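Since the structure comes first, as structure tokens, the remarks are kept for the end.
The values are calculated or read from the model by the stated rules, or taken from the named source; none is laboratory data. Everything numeric here is computed off the predicted structure, so don't read it as measured data. Counting neighbours? That spans all protein chains shown, and the Cβs are built from the backbone with ideal geometry, glycine included. The accessibility values were calculated without ligands, DNA or RNA, using every heavy atom of the protein model including side chains. Shrake-Rupley method; radii C 1.70, N 1.55, O 1.52, S 1.80 Å.
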Amino acid sequence: MLTALVTGIAAGALYAAAALVYNVMFSTSKVLSVTTGHLAMLGGVFGAWLTAGLGWPLPVALLGAVAIGAAFGIATEWIAIRRVLSRSDEHLWLLSTLALATMLQQGVALWWGTEPKPFPRLIPQDFSAGLADQKYWLPVAIALLLALGLEVFYRRTLYGKLFVAMSEDAFAARARGIPTDLIRSLSFALAGAMGALAGFAAGQLTFAYFALGLTLTLNGFVALAVGGLGSNLGALVGGLLLGVIGAFATYYLGGEYQQTIAVGVLMLVLLLKPAGLFGSASIRPV
Amino acid sequence: MFGVSLRRRGLATVAVSLLVFQSPLSTAADPVRIGWLSSLTGPLSSAAIAENQGVQFAVEEINAAGGIDGRKIELITYDTQGDPTKAVNFAQRLAFVDKVHFVIGPVNSGESLATVPIAAKAGLPNLVIGTIDELVDPKRFPRAFRAINTNRQWIVAANDYTLKVLKKNKIAIIGDTSGYGTSSAKTAAQLLEAAGVKPVYSVLVDPNKTDLTDELNKAKEAGAEVIMPWSAATGLLARLLNARGDMGWKVPIVGHSAMMAPAIPKLLNKPEYWADAYATGYVSTTYTADGKLPAATKALLDKMRPRLGGKEIDFMFWWVALGYDTVKIVEHMVKQSGGTDPAAIEKAFVTTTNLKGVYADYSWTAEDRNGFPDTGVVVNAANSLKDGCFRAAPR
């Protein structure tokens, strides 16, 4: 049972990281991009390729994977968000980001292959470490680091405050002279880097696998909805709850109930507290 | 190397292989048109890529020898990308636009479930290469004939090995939550119970589950002496082997052939974790006690080696042999029936007994459309891949 708890927390941390990535993109664009989970997939796949394929040292490979994630984040904003937002108030970004995510996944499958591939050991450690193995706690450490880093970024830096300003009222921010297009691009770059970092940290847990993205996109969204859209604390709590509940559902009932229970939790929270556990209900001015 | 070139080929929506050599007879005779539905790209493409090598080679070989009774083979290949929707569209195109005489495939059972009825409706002979039971039915699909083994044959072989060779009857079954994993685990449990053995532990897990230590702990607590996984997900199987190795539990694992996949050892924490694992394979690609392969397999290996890179083969050769045999089966049926009339082809199929192939020797009857013999399945040592073939599990 302790294993179920630990593996649930590890998987939940990855969902939490995906939810944090959603939050960063949402703060400046009000878009919930379907590419969110794919950013982590890129971190895992490129991390494995740069280290095992090209033989780069781990720190350099980490930087490379994060840079690729950031580049894809910017590309997402340019290709699937900017033009769509400028032409329509409808939620067409759902389709454009879904299209981009599908193209990315297919492209990675063609290049990388459809079988999972190994991810290197990041810290020297014997495989007999059991539940103290780095594959469990690295994703947790990274999720906490990302949440903490975001809080510091939002509260202590000028760009962070610009993100917050856009989050609260993009039109007012633009009227105050804030370059909103640039800030939105930066937020997608940051989200890409964060997603890739989370995927890199969790590579030993997930393997380097082309189809990881959609799973994380879905579970990250559930974590976000449970925790509350826009709340980083909510993202952490929602992700961990989802991971642990999924692990215990598998432990006690079997894997066939895992997804049903995860979606059931989402439905329950949305019914009882539509804004999520830590979300604030939006006030509609009349 | 060949995988890369094939992927490029697979990027094209349609690849049409036409005959290279022209014989005087073929100018007058219509070609035998074979539709080949293959998931050359996308998930589960590795088996399809290998099968495609066998299919292409057989077509070239037959055409180079003058064709089938003077009729060259025209192979029309569509890449389904493992997507049942695409497979349906391509099956309809093969039947009603390309007007093929035979359909081979699709490669995956899920796609075949969608396309077999289409071929049946068009009255086309269909060589089925998916393993699930529902794909053949003499009443509903009278011209669908299976060349590959059934899933049940694999499960029976694994159960027999566990009960009769290892002499263990405390068995834990682990299936994945895919349609295939779920039905296979259920069938395995049913067959064991029919043999008087109730599994001590059964569970279904998500194919992407990141750790299986819990499941193995439960199996151990239940007294399991053998773990039997039914999943084609190499990631899940590798995690199972890793969990067993990290626990230090000396328990044999007997199950699905994907446990022998070349992708597995790369995912293991330690190479020795692959030992004491046994998977279902084929007599045709199993070395005899003196280290030799069946003559037909050896001959095909030698003939195809230059095409496969000229070096030791590092993937499962049985896929190539199956692809090769499907075209040779078509050749046999056309010769036996004297043409490509579907009714005559059906008659030729149901009267075929012990047709010698590389992958297996095939027999079909009016009642049984499964051509692969029970005796063609064996259990291999999972970690014994050598030149595309395997060593038999210890007996």
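Counting only helical runs of four or more DSSP H residues, what would the 222 nm mean residue ellipticity of the protein assembly as shown come to if each run contributes -39,500 (n - 2.57) and the total is spread over all its residues?
Roughly -17000 deg cm²/dmol at 222 nm, from the helical runs in the protein assembly as shown.
Between A:Thr260 and A:Ile74, residue separation times 0.36 nm minus the direct Cα-Cα distance comes to 63.5 nm.
Give me the net charge of A:Glu168's neighbourhood, meaning all other residues with Cβ under 14 Å from the Cβ of A:Glu168; Lys, Arg count +1, Asp, Glu -1. Don't skip to the end; give the middle numbers.
Details: positive: A:Lys30, A:Lys161, A:Arg174, A:Arg176; negative: A:Asp169.
For residues surrounding A:Glu168, the net value is +3.
Looking at B:Thr131, A:Thr28, B:Thr352, which one has the Cα that reaches farthest to the positive end of the dipole of the protein assembly as shown (charges on Cβ: Lys, Arg +1; Asp, Glu -1)? Ranked along the dipole, the leading option is A:Thr28.
The candidates B:Leu212, A:Leu233, arranged from most to least accessible area with a 1.4 Å probe in the full protein assembly, appear as A:Leu233, B:Leu212.
Near B:Lys99: Cβ cut-off under 13 Å, other residues only, Lys/Arg at +1 and Asp/Glu at -1. The net charge is -1.
Placing unit charges on each Cβ (+1 for Lys and Arg, -1 for Asp and Glu) gives region A:150-209 a dipole about its Cα centre, and among A:Leu205, A:Met166, A:Gly192 the Cα reaching farthest toward its positive end belongs to A:Met166. For A:His91, the accessible surface of its heavy atoms amounts to roughly 130 Å² (probe 1.4 Å, protein chains only, rounded to the nearest 10). Measuring between their Cα centroids, region B:283-306 and region A:266-280 lie 62 Å from each other. Contact-buried residues of region B:191-210, at a threshold of 10 Å² lost accessible area versus the chain by itself: B:Val203, B:Leu204, B:Asp206, B:Asn208, B:Lys209, B:Thr210 (1.4 Å probe; DNA, RNA and ligands ignored).
Taking amide H atoms as placed 1.01 Å from N in the peptide plane, the amide H of B:Asn269 has no partner under 5 Å among residues 5 or more positions away or on other chains. Interface of A with B. Using a 1.4 Å probe and counting protein heavy atoms only, the two chains hide about 2400 Å² of accessible surface, both sides summed. Distant-in-sequence amide contacts of B:Val32, defined by a placed amide H-H separation under 5 Å and a gap of 5 or more residues or a different chain, comprise B:Lys72, B:Ile73, B:Glu74.
Couplings for region A:243-257, taken from phi via the Karplus curve 6.51 cos²θ - 1.76 cosθ + 1.60 with θ = phi - 60°, read x, 5, 4, x, 5, 6, 4, 5, 5, 8, 10, x, x, 5, 9 Hz in order; Gly and Pro are left as x. Quick check: from the Cα gyration tensor, does region A:199-262 come out rounded (a/c under 1.5), prolate or oblate? Oblate, because a/c is 1.5 or more while a/b does not exceed b/c. Give a quick list of trypsin sites (Lys or Arg not before Pro) in region B:157-245 that DSSP marks as loop, anything other than H, G, I, E or B, with at most 13 other Cβ atoms within 10 Å. Passing sites in region B:157-245 are B:Lys167. Phi-derived couplings, Karplus 6.51 cos²θ - 1.76 cosθ + 1.60 at θ = phi - 60°, listed residue by residue for region B:173-181: 9, 10, x, 9, 7, 5, x, 5, x Hz, with x used for Gly and Pro. Annotation: A:Phe26 carries an accessible surface of approximately 40 Å², with a 1.4 Å probe and no ligand, DNA or RNA atoms counted.
List the residues of region A:200-215 that lose 50 Å² or more of accessible area once all protein chains are present, compared with their chain alone (1.4 Å probe, heavy atoms only, no ligands or nucleic acids). Residues meeting the cut-off: A:Leu205, A:Phe207.
Solvent-accessible area of the protein assembly as shown (1.4 angstrom probe, protein heavy atoms only): carbon and sulfur portion equals 62 percent. A 1.4 Å probe over all protein chains sorts A:Met1, B:Met259 by accessible area into A:Met1, B:Met259, starting with the largest.
Using the 1.4 Å probe convention, the accessible area of the protein assembly as shown works out to 41 Å² per residue with neighbouring protein chains retained.
Checking the Cα-Cα distances for B:Lys164/B:Lys328; A:Lys273/B:Lys209; B:Lys99/B:Lys347 against a 26 Å cut-off, the pairs over it are B:Lys164/B:Lys328; A:Lys273/B:Lys209. Label-to-label distance for A:Ser88 and A:Lys161 is 3.7 nm, based on points extended 7 Å past Cα in the beta-carbon direction.
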